[in-house]
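Structure, as structure tokens:
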Amino acid sequence: MIQDIAPSRLDNSFKNNSIQPEDTALFFDKEGKLLIHENNGKLSFPKGSDAEGFETIYLFSIDDTRYFLVTDKEAHIKNDFNYRSVRDLRKTGSGPEIYAVFTAYHLWKWYADNTFCGKCGHKLSFDDKERALRCKDCGNIIYPRINPAVIVGVTKGDCLLVTKYRQGYGGNALVAGFTEIGETLEETVAREVMEETGIKVRNIRYYKSQPWGMAQDILAGFYCDAEGNAEIHMDKDELRYAEWVQRNAIVLQENNLSLTNEMMKVFKENRIKF
Ligand SMILES: [Zn+2]
């Protein structure tokens with residue numbers, strides 16, 4: 001999965017670092033496209049020296065590579081880098097670099113959406129002690145937003161409930177959805193499966209989780225069993241495909257980045273042990 005970068009390691013602790021010429025500088029445009037160079041799936045980024053004169057903030061490190069976000073909205077550089085969408089990079093990117101892209105996008109989106117205080121309307125400042133935005137006028141503090149969501153592998157004997165979303169990612173997927181106010185993750189699982197496919201489930205059990213910065217999510221994966229005859233009544237606003245697919249006929253995604261793909265693969269290879 002995208003976060004499985006061992007022996008490399010993400011250090012997400014906040015530090016009030018200043019950018020140095022050898023550091024990595026991430027330039028996002030207004031739509032969240034990232035300035036990047038790609039060669040056969042290998043991603044490379046501008047350096048700190050390219051960001052000279054622009055406002056930056058430290059994001060995180062992976063091993064000895066320190067990543068900074070260029071927060072100056074007018075920043076741009078001329079060289080052989082191109083602006084590419086994170087969705088596009090998902091298809092070919094790999095290793096620690098694609099994990100860095102997703103995690104940086106999450107933070108870029110949070111900074112971009114929080115220029116002004118939601119309480120009093122004044123401009124927010126970067127806090128220098130923790131990863132937070134602070135309103136010097138009213139004292140409001142804003143922390144990064146992480147949206148909880150579930151990924152659900154619904155099984156019926158030798159079949160898995162495979163879906164395709166109406167919007168966004170086009171490949172095979174599982175039932176997925178955001179947790180709503182006042183709800184446990186297990187309740188989200190039961191509600192989302194019912195809403196999207198009309199199927200009642202039981203024996204809901206947790207599998208693994210995954211940070212999915214592209215959507216500012218933390219994903220929690222669950223398997224569960226379908227109840228009764230498990231006839232599918234698809235929500236056509238959310239999905240364009242929902243079918244029971246035999247284990248050996250499941251078509252996996254183009255790479256191993258997502259929790260969804262791992263869960264489909266584990267079922268396909270009959271490796272669910274709980
Ligand atoms: Zn304020």
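The values are calculated or read from the model by the stated rules, or taken from the named source; none is laboratory data. This is a predicted model, so every value here is computed, not measured. Neighbour counts are summed over all protein chains in view; Cβ atoms, including those assigned to glycine, are modelled from backbone coordinates with ideal geometry.
Details
- Residue within segment 87-109 that is within 16 Å of the ligand (Cβ to nearest atom) and of a type in the set (Phe, Trp, Tyr) present: no
- Odd one out for Val162, checked against (1) within 16 Å of the ligand (Cβ to nearest atom); (2) surrounded by 19 or more Cβ atoms within 10 Å (Cβ to Cβ); (3) in contact (Cβ under 8 Å) with a residue 60 or more places away in the chain: (1)
- Residue match in segment 190-200 (condition: of a type outside the set (Lys, Arg), at pLDDT below 95 and either not assigned by TED's automatic domain parsing to the domain that holds Arg90 or not in a strand (DSSP E or B) (or both)): no
- Any chance Leu239 is in contact with a Ser or Thr (Cβ under 9 Å, 6 or more places away or on another chain), more than 15 Å from Val162 (Cα to Cα) and surrounded by 15 or more Cβ atoms within 10 Å (Cβ to Cβ): no
- Selection over segment 54-100 of residues that are touching a Pro at 6+ places or on another chain (Cβ under 8 Å) and hydrophobic (A, V, I, L, M, F, W, C) gives a count of 3.
- The residues listed here are Ser49, Ser61; of these, the one that is surrounded by fewer than 19 Cβ atoms within 10 Å (Cβ to Cβ) and either small (Gly, Ala, Ser) or not assigned by TED's automatic domain parsing to the domain that holds Lys109 (or both) is Ser49.
- Leading residue by the ranking (farthest from the ligand (Cβ to nearest atom)) among those in segment 132-159 that are under 19 Å from the mean Cα position of the chain (by Cα) and within 19 Å of Arg205 (Cβ to Cβ): Gly153
- Only one of the numbered conditions (1) in the same structural domain as Tyr105 (by TED's automatic domain parsing); (2) buried (at least 16 other Cβ atoms within 10 Å of the Cβ); (3) within 20 Å of the chain's Cα centre (by Cα); (4) part of a loop (DSSP other than H, G, I, E, B) is not met by Ile2, and that is (1).
Listed here are the residues, each with its yes/no results for (1) under 21 Å from Asp50 (Cα atoms); (2) assigned by TED's automatic domain parsing to the domain that holds His37.
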position: Thr65; (1), (2): yes, yes
position: Phe81; (1), (2): yes, yes
position: Ser85; (1), (2): yes, yes
position: Gly95; (1), (2): no, yes
position: His122; (1), (2): no, yes
position: Ser125; (1), (2): no, yes
position: Glu130; (1), (2): no, yes
position: Leu133; (1), (2): no, yes
position: Gly157; (1), (2): no, no
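- Where a residue in segment 39-52 is in contact (Cβ under 8 Å) with a residue 12 or more places away in the chain and its partner, wherever it lies, is among the acidic types (Asp, Glu), with Cβ under 6 Å and at least six apart: Leu43/Glu97; Gly48/Asp23
- When restricted to residues that are crowded, with 18+ Cβ neighbours inside 10 Å and out of contact with any helix residue (DSSP H, G or I) (no Cβ under 9 Å at 6 or more places or on another chain), segment 15-34 contains 0.
- The residues of segment 119-131 that are in contact (Cβ under 8 Å) with a residue 12 or more places away in the chain, over 23 Å from Asp29 (Cα atoms) and within 11 Å of the ligand (Cβ to nearest atom), listed by number, are Lys119, Cys120, His122.
- Being hydroxyl-bearing (Ser, Thr, Tyr) and more than 18 Å from Phe126 (Cβ to Cβ) is not true of Thr71.
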